[in-house]
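Read the structure below first, then the notes.
The values are calculated or read from the model by the stated rules, or taken from the named source; none is laboratory data. Only a predicted model underlies this, so the values are computations on that prediction, with no experimental measurement involved. We place every Cβ from the backbone using ideal geometry, glycine too, and count neighbours over all the protein chains shown. Ligands, DNA and RNA are excluded from the accessible area calculation, which covers all protein heavy atoms including side chains. Shrake-Rupley method; radii C 1.70, N 1.55, O 1.52, S 1.80 Å.
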Amino acid sequence: MNVVVCVKRVPMTQEVDLEIDASKKDVSKDMLAYVLNEWDNYAVEEAIQIVEKFGGAVTAVTVGSEDDEEVLRRCLAMGAEKAIRVDPGDLSLDGFVISKILAEVIKGLEYDLVLTGVQADDDNYGIVGSMLAEHLGIARAAVVNHVDIEGDEANIKVELEGGVDEVLKIRFPALLSIQTGINEPRYVSIMGIRKAAKKELQVLPVTDLGLSEDDLSARTVVEEVFLPPETEGAEIIEGDAATVAEEILRIMKEKGVSV
Amino acid sequence: MAKEKLFKGGEFLITDALPEEIFTPEDFTSEQKMIAQSAEEFGQGELDTRWEELGVLDPDLIKSLLKKAADLDFLGAEMPEIYGGAGLDKVSSSLITEHLSRGTSGFFVSYGVQTGIGSLPLVLFGSPEQKKKYLPKLASAEMIGAYALTEPQHGSDALGAETTAVLSEDGKYYVLNGQKQFISNAGFADLFITYAQVDGTQFTSFIVERQWEGVSVDAEEEKMGVHGSSTRAVIFKDVKVPVENVLGEVGRGHVVALNTLNIGRYKLGAGTVGGAKLLIAEAVKYAKGRIQFGKPICEFGLIKHKIAEMVIRTYVNESMVYRTARLLDLALEGIDPTSEEAGKKTGEALRKYALECSINKVFGSEMLDFVADECVQIMGGYGYIKGNPVETAYRDSRINRIWEGTNEINRLLIVDLLMRAGLKGELPLLDTIKKLTEELLTFRPSMETAEGVLEEERKMVSMAKKIALLSAGASVQKYMQKLAGEQEIVALIADMIIEIFAMESALLRALKKLQKEGEEKARIHVAATRAYINDAFPKVDLMARQVFAAISEGEELRTQLMGLRKLARYTPINAIALRREIAESIVPVARYHLTRI
């Protein structure tokens with residue numbers, strides 16, 4: 001059972017007051033710390049658990065710059081066998097181009113399963129997984145929160161709206177977009193980090209993939225990024241928890257909310 | 001990895017190092033960063049989430065968390081691989097300590113003992129048999145370690161211990177009798193590294209197992225802080241310790257005791273960096289959310305000042321700790337950890353940097369006290385209420401100035417070590433001071449401000465060294481061998497030395513960043529360094545005046561002060577603007593942002 005996991009390095013933005021950079025097309029990232037996208041972390045763990053149970057190997061793939069190798073090394077330290085970074089050079093990337101690049105790389109690998117995270121923490125598009133499955137011509141399921149493998153197929157649970165789970169049988173090769181909470185991602189041990197240093201991290205320039213100009217043309221272009229304008233009507237309630245709770249209750253009653 | 005220079009212990013005081021010659025947090029390798037990230041994730045996932053539980057002593061919880069940490073190789077980080085450790089370098093192991101020191105005393109005290117004073121004596125001085133027997137169990141948390149040095153009547157004066165060890169008639173074991181006080185981990189430790197006098201005078205180290213007959217512990221102490229940790233007296237009553245459990249040589253216990261403390265001291269500095277970073281995040285988050293007079297308090301000048309000062313001192317502490325850690329790594333290079341001599345050679349190499357280790361201990365513990373105190377102040381009444389992590393941090397922090405040798409003892413030690421290095425000829429101190437005194441007669445201070453970013457500061461640090469050396473030289477000349485008796489003067493000299501190492505570590509780090517990444521990326525590093533030196537330099541000048549005023553009078557004093565005035569020239573800068581700039585840079589990200597892992 002060979003599993004390919006697609007991962008992305010994203011900035012940590014919790015507690016941060018984001019600022020728009022000079023281009024007005026992105027946020028300023030100078031002071032931000034970076035991590036492996038949370039959803040991808042669960043996908044990597046799931047992939048490793050699968051090969052631990054059924055044998056085979058995990059390959060982690062990312063599209064990005066040298067700095068992004070940091071998340072690939074983390075995947076190797078967690079237990080992936082091999083990592084590939086596609087260097088996009090100056091290419092402007094959107095979900096379409098990334099999925100085209102990933103598809104081209106993955107076509108050359110032996111795989112039964114491709115895992116991605118449901119979405120990435122930075123732009124929240126959540127489209128690469130579906131597009132990638134389409135380019136590869138394989139079955140796909142999104143927002144997967146349980147995987148049970150039997151032979152060349154898997155019983156999976158897919159999270160639907162309103163807390164409903166759908167149980168599906170999916171035949172390999174298949175692509176699953178993994179939801180957080182599906183497992184408990186492991187911490188990386190020092191020995192894992194040591195082993196990772198000896199594992200293969202392949203770097204492919206995007207130009208080596210033989211993709212057409214059309215394949216590498218972004219379908220969406222960010223025109224502008226802006227912070228939502230401040231609106232009126234917000235009230236900050238001060239005091240200890242009990243006082244705050246009482247005040248909220250009072251306001252809710254006043255506004256006619258039944259409590 | 002770039003090759004930094006292996007300076008001698010204390011050499012920073014007589015040599016102006018170049019930025020490329022020292023290691024800075026910007027030089028962390030990708031492996032070191034991964035190790036730091038791993039510890040940080042473990043800290044966030046396993047410790048932060050249990051903040052409340054870990055604030056109350058719960059031995060089972062502590063042991064289970066130590067086991068989890070062991071599974072990630074954190075406990076054996078500094079032990080040789082052949083004994084179940086990871087054989088990591090000091091920079092990496094300091095990063096682990098930094099990121100696991102996070103306000104949960106139940107964990108960080110136990111972890112600190114287990115990986116520090118509870119196991120390092122074995123790593124450094126254990127025989128191959130002792131290492132094989134105990135280290136794998138300490139690395140895996142199968143055994144919990146403790147370090148039993150202090151006695152009811154012997155704290156700072158530890159080598160005067162009263163616990164006795166008498167060799168049995170058949171020569172097979174020593175019989176230990178005595179009591180040890182304030183022993184961390186004692187409530188659930190399986191192994192004690194302890195000390196006793198053989199034949200009344202031969203201070204000797206022993207490895208004692210908890211399960212042996214005659215080993216018992218007293219009730220838990222009720223402490224001011226670190227409530228999640230266990231602290232008890234340990235009592236030895238006719239405990240039979242096999243002779244093979246003597247650690248090191250009979251009569252050489254002081255070598256074991258002092259070298260172990262060295263490592264503990266610089267690593268305490270790594271822990272205080274970690275603690276301070278978390279407190280900074282707490283303070284900034286609070287200051288952003290607390291609205292007074294219609295705006296968040298982080299927009300007020302006095303709060304900006306506090307936030308900036310917390311960041312500055314943490315930055316300085318961090319620069320010192322990793323500079324020292326790398327220095328130790330360089331000193332330890334080439335020692336084969338599997339060889340018979342490994343422990344002895346390691347101990348010797350580390351001894352040479354005892355001065356830097358003590359500096360880190362004193363600076364780190366006082367830095368964290370400052371940061372915790374200001375954090376409480378920013379939160380006002382809320383910071384004073386039990387249940388607020390800041391209130392706990394304020395009390396927890398206090399122990400750092402007491403354990404691992406009080407800051408007073410460490411200050412005396414700093415000067416003592418320097419004098420010894422001078423006397424032994426390890427450092428050309430006397431020559432340097434003599435030359436300096438001669439130079440000073442004709443020295444004309446430049447009236448111009450040095451051109452270039454940090455150039456003025458570079459000059460100030462260099463001058464501060466001359467000031468400290470002159471004060472030290474004059475004090476030695478006056479008191480000769482009796483200087484140690486003039487503790488107040490010794491402490492002033494120590495404080496000058498500490499400030500010099502602090503200033504220079506920040507300066508070289510900021511310069512290195514500046515050279516590599518340019519002015520814009522190094523902006524806050526430069527601001528923090530300038531603000532720090534602008535305050536520290538006049539402090540050094542003042543301390544020198546205090547020394548001279550205490551040792552000289554009349555014409556001699558006037559000459560000395562005149563010389564001092566030539567060296568201590570400086571133009572104050574607008575440090576208020578710098579601090580505002582620093583505070584404004586951290587407020588949006590709400591966490592310490594000068595180091596990336």
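Before we move on, is B:Gly275 more than 14 Å from chain A (Cβ to nearest Cβ) and open to solvent by 10 Å² or more (accessible area, probe 1.4 Å)?
Considered against the rule, which asks whether it is more than 14 Å from chain A (Cβ to nearest Cβ) and open to solvent by 10 Å² or more (accessible area, probe 1.4 Å), B:Gly275 comes out as yes.
Report yes if some residue within region B:496-512 is assigned to a helix (DSSP H, G or I), touching a helix residue (DSSP H, G or I) at 6+ places or on another chain (Cβ under 7 Å), touching a residue at least 40 places away in the same chain (Cβ under 8 Å) and within 14 Å of chain A (Cβ to nearest Cβ); otherwise report no.
no
What is the number of the single condition among (1) of a type outside the set (A, V, I, L, M); (2) more than 14 Å from chain B (Cβ to nearest Cβ); (3) in contact (Cβ under 8 Å) with a residue 24 or more places away in the chain that A:Pro228 does not meet?
Checking A:Pro228 against (1) of a type outside the set (A, V, I, L, M); (2) more than 14 Å from chain B (Cβ to nearest Cβ); (3) in contact (Cβ under 8 Å) with a residue 24 or more places away in the chain, the one that fails is (3).
Condition check: over 30 Å from B:Phe125 (Cβ atoms), under 22 Å from the mean Cα position of the chain (by Cα) and not acidic (Asp, Glu). Does B:Arg313 satisfy that?
Taking the combined requirement at face value, the residue satisfies it.
Suppose we filter region A:153-212 for residues that are open to solvent by less than 20 Å² (accessible area, probe 1.4 Å) and among the hydrophobic types (A, V, I, L, M, F, W, C); how many remain?
Summing the residues that are open to solvent by less than 20 Å² (accessible area, probe 1.4 Å) and among the hydrophobic types (A, V, I, L, M, F, W, C) in region A:153-212 gives 13.
Looking only at region A:165-200, count every residue that is of a type in the set (A, V, I, L, M, F, W, C) and in a helix (DSSP H, G or I) and tell me the total.
Of the residues in that region, 5 qualify.
Determine which single condition B:Asp89 fails, assuming it passes every other condition in (1) open to solvent by less than 10 Å² (accessible area, probe 1.4 Å); (2) within 14 Å of chain A (Cβ to nearest Cβ); (3) closer than 18 Å to B:Met320 by Cα.
(1)
Any residue that is under 26 Å from A:Val147 (Cα atoms), within 12 Å of another protein chain (Cβ to nearest Cβ) and not small (Gly, Ala, Ser) - is there at least one of those in region A:15-32?
Scanning region A:15-32, I find no residue that is under 26 Å from A:Val147 (Cα atoms), within 12 Å of another protein chain (Cβ to nearest Cβ) and not small (Gly, Ala, Ser), so the answer is no.
Look through region B:27-51, keep the residues that are charged (D, E, K, R) and within 12 Å of another protein chain (Cβ to nearest Cβ), and return whichever of them is least open to solvent (accessible area, probe 1.4 Å).
The extreme case among them is B:Glu46.
Those residues that are within 30 Å of A:Asp148 (Cβ to Cβ) and within 14 Å of chain B (Cβ to nearest Cβ), I need them from region A:38-69; list them, please.
A:Glu38, A:Asn41, A:Tyr42, A:Val44, A:Glu45
Does region A:154-162 contain any residue that is under 21 Å from the mean Cα position of the chain (by Cα) and within 30 Å of B:Ala39 (Cβ to Cβ)?
Looking through region A:154-162, none of the residues is under 21 Å from the mean Cα position of the chain (by Cα) and within 30 Å of B:Ala39 (Cβ to Cβ).
Output yes when any residue across region B:239-247 is more than 16 Å from B:Leu149 (Cα to Cα), touching a residue at least 12 places away in the same chain (Cβ under 8 Å) and open to solvent by 60 Å² or more (accessible area, probe 1.4 Å), and no when none is.
Yes; the residues of region B:239-247 include at least one that is more than 16 Å from B:Leu149 (Cα to Cα), touching a residue at least 12 places away in the same chain (Cβ under 8 Å) and open to solvent by 60 Å² or more (accessible area, probe 1.4 Å).
Taking region B:567-578 as the region of interest, how many residues are surrounded by 15 or more Cβ atoms within 10 Å (Cβ to Cβ) and either farther than 10 Å from B:Asn534 by Cβ or of a type in the set (S, T, N, Q) (or both)?
2
Against the condition open to solvent by less than 10 Å² (accessible area, probe 1.4 Å) and modelled with pLDDT under 95, how does B:Gly9 come out, does it pass?
Here the answer is no, as B:Gly9 does not meet what is asked.
Output the residue which, of all residues in region B:403-459 that are farther than 23 Å from B:Lys8 by Cα, in a loop (DSSP other than H, G, I, E, B) and among the hydrophobic types (A, V, I, L, M, F, W, C), is least open to solvent (accessible area, probe 1.4 Å).
Within region B:403-459, the match that is least open to solvent (accessible area, probe 1.4 Å) is B:Leu454.
I'm told B:Leu54 meets every condition in (1) under 20 Å from the mean Cα position of the chain (by Cα); (2) outside any loop (DSSP other than H, G, I, E, B); (3) more than 13 Å from chain A (Cβ to nearest Cβ) except one. Can you identify the failing condition by its number?
All conditions pass for B:Leu54, except number (1).
Which of the residues spanning region A:130-152 are without any contact (Cβ under 8 Å) to a residue 24 or more places away in the chain and open to solvent by less than 70 Å² (accessible area, probe 1.4 Å)?
Result: A:Gly137, A:Asp148, A:Gly151.
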